[in-house]
Amino acid sequence: RLAPAAFAAARLPAQTSLPVPANADLVDGHQSTPLPFGLQGFRTQILIEGSAIAPGGALLDTLRFRLDRPSLPLAAGSVPNVTVKLSETSVGVPNLSTTFAANVTGVETTVFQGTVPLPAHAAGHAGPVAWDIEIPIAIPYVYLTTNGNLLIDIVANNPAGGFPTHYLDAMEAGGSATQYGQA
């Protein structure tokens, strides 16, 4: 299943954060997506074009996501057994494969294993929600634009059937990121 999305933000040292796409801090997206964190068991890959991150590269120490405003209010929750791997890939958006292994062309680095807390939110009235679903990266990941695009692979190895409540904000197709995944 292909779900167009662009919702990840990476915090960069010497820079507070970098939203993807660049205007994501200013507007609420026009879509929502249950991947990741709207389902208990899933696997998804998020490809971010290098040009959306930095001309030469970046040192990534946190990945952040945000809830989709129309899904509010929401109680706090969590998704256990989450593994996040980062890699650089020569695969571009038009050539992504639903065979996830084919999208990985660089060395994969496991940057997170554990439970992802999902914060509670009251109903809001306008504008984007805060980037407060955080995945800390214990050892910062060195991303080099010259090696290709950034590929984020997220797996929650939990039994399927969890009630999907934490839908994330997503942008329309044609942004700087595209997401594949399935429950």
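Taking all protein chains together and a probe of 1.4 Å, list Phe37, Phe112 from the most accessible to the least accessible.
Solvent-accessible surface, decreasing: Phe112, Phe37.
By how many nm would the segment from Val142 to Leu59 lengthen if fully extended, with 0.36 nm per residue of separation less the alpha-carbon distance?
Residue separation times 0.36 nm, minus the Cα-Cα distance, leaves 29.4 nm.
The values are calculated or read from the model by the stated rules, or taken from the named source; none is laboratory data. Since the model is a prediction, treat every value here as computed from it, not as a measurement. The protein model used for the area step is the full one, side chains on, heavy atoms only, and it has no ligands, DNA or RNA in it. Shrake-Rupley method; radii C 1.70, N 1.55, O 1.52, S 1.80 Å.
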